[in-house]
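This report concerns only the one structure given below.
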Amino acid sequence: MTSTPVSPAATATAATPAPAAAPAADATDGTGLHGPVTAWFDAHARDLPWRRPEAGAWGVMVSEFMLQQTPVSRVLPVYEQWLARWPRPADLAAEAPGEAVRAWGRLGYPRRALRLHAAASAIQERHGGDVPREHAQLLALPGVGEYTAAAVASFAYGQRHAVLDTNVRRVFARAVAGRQYPPNATTAAERKLARALLPDDEEVAAKWAAATMELGALVCTARGPECARCPIAAQCAWRLAGSPAHEGPARRTQSYAGTDRQVRGKLLAVLREAVHPVPQVMLDAVWDEPVQRARALDGLVADGLVEPLHGGRYRLPLT
């Protein structure tokens, strides 16, 4: 989830009633949806550091990398420490990539740290240290995909782009398509719908992108949607259809305990805390099963997150 500096966010509580829902209207072109959703956002959006004007484009980009598959509560402390240490892309680019992995801490999916470091280096080399404004230039940065490029262009620069994260896809699935959940993977039909729903005005479109994300994060949640608080409940196709249960493929769930992901995290934790290269015996101590431990370590090396040295020692990458 992310946001936009277009409208300063005000902290809200769950007890605050939502604005009155607008009359039912044709949702497929956004008629009747834009006003209620953006008004709700003005009143209820959380006050988060990457939403503030002083965050700038770099702050927005850092937040977008960190928030992928990671809740806001876990991101906040790491984000603040990261920006205090590396307030500009050039500051991060000047450090070894292993330092980015170290500072990433326990956010999970640490390859994101390497990708953010690579993006910072490219920004310094290609754009003089300034996060580019153009969507195509953002998309050309290493580690930046369609979603992140659209999010940064929209939230940092107020541009008109369809920004589709899990929260937005769920809001659109329910409000427009009448389904409880969106498909497991983003489809061409969803992208087409998101473009059709975009307001014509750039400033309104940027706020709409942030507002639909926030609505999905706070109200139209995956497990417990609070329809009584929703500003578009009266127009929601899923609610009007009686809130039918999901009938598509089973929704993916992610396990952690006992997986290679858990083992990788334990190995990285040892390396993050070490000042000097770590001998194999220290890594062997964190997981009893040798085959899985070796597989996890090999994966970390292959991903560029760990650098093997002579003598069976390992460290975070320097280059």
Completion exercise
Percent relative contact order for the chain, counting Cα pairs under 8 Å at least six residues apart, stands at 22 percent
Practice task
Any chance you could run the full-extension gain for GLN69 through GLU226? It's 0.36 nm times the residue separation minus the Cα-Cα distance, nm to one decimal.
Solution key: 54.3 nm
Exercise for the section: Write down the accessible area per residue of the chain in Å², having rolled a 1.4 Å probe over the full set of protein chains. Expected result: 46 Å²
Practice task
Given the options LEU48, LEU240, LEU305, state which has the largest fluctuation in a GNM of the chain using a 10 Å cut-off (strictly under) for Cα springs.
Solution key: LEU240
Practice task
May I have the extent of the alpha carbons of segment 223-301 along their three principal axes, as whole Å values ordered from largest to smallest?
Solution key: 62, 28, 19
Practice task
Report the local net charge at GLY258: Lys and Arg +1, Asp and Glu -1, summed over other residues whose C-beta lies under 12 Å from its C-beta.
Solution key: -1
Practice task
Compute log10 of I(q)/I(0) for the chain with the Debye formula, placing one identical point scatterer on every Cα and leaving out solvent, at q = 0.14 Å⁻¹, to two decimals.
Solution key: -1.09
Exercise for the section: Select from TRP86, TRP58, TRP287 the residue whose mean-square fluctuation is largest in a Gaussian network model of the chain (Cα-Cα springs shorter than 10 Å). Expected result: TRP287
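Take the solvent-accessible surface of the protein heavy atoms, probe 1.4 Å, and return the percent of it on the chain that carbon and sulfur atoms account for.
53 percent
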Practice task
Quantify how much of the Cα-Cα distance distribution of segment 48-124 extends past 19 Å, in percent.
Solution key: 24 percent
Handout entry: Cα centroid separation, segment 106-169 to segment 240-307 (Å)
Key = 25 Å
Problem - Within segment 88-133, trypsin sites (Lys or Arg not before Pro) in DSSP loop having at most 16 other beta-carbon neighbours inside 10 Å - result: ARG106, ARG133
Fill in the blank from the handout: What helix-only [θ] at 222 nm does the chain give? Using -39500 (n - 2.57) per DSSP H run of at least 4, over all residues, to the nearest 500, the answer is -14500 deg cm²/dmol
Handout entry: Listed peptides 32-41, 268-277 by packing density, highest first (mean Cβ within 10 Å)
Key = 32-41, 268-277
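The values are calculated or read from the model by the stated rules, or taken from the named source; none is laboratory data. In this text, all values refer to a predicted model and were calculated from it rather than measured experimentally. Every residue, glycine among them, receives a Cβ derived from its backbone with ideal geometry; neighbour counts consider all protein chains shown. Ligands, DNA and RNA are stripped out before the accessible areas are found, and what is left, the full protein with its side chains, is counted by its heavy atoms. Shrake-Rupley method; radii C 1.70, N 1.55, O 1.52, S 1.80 Å.
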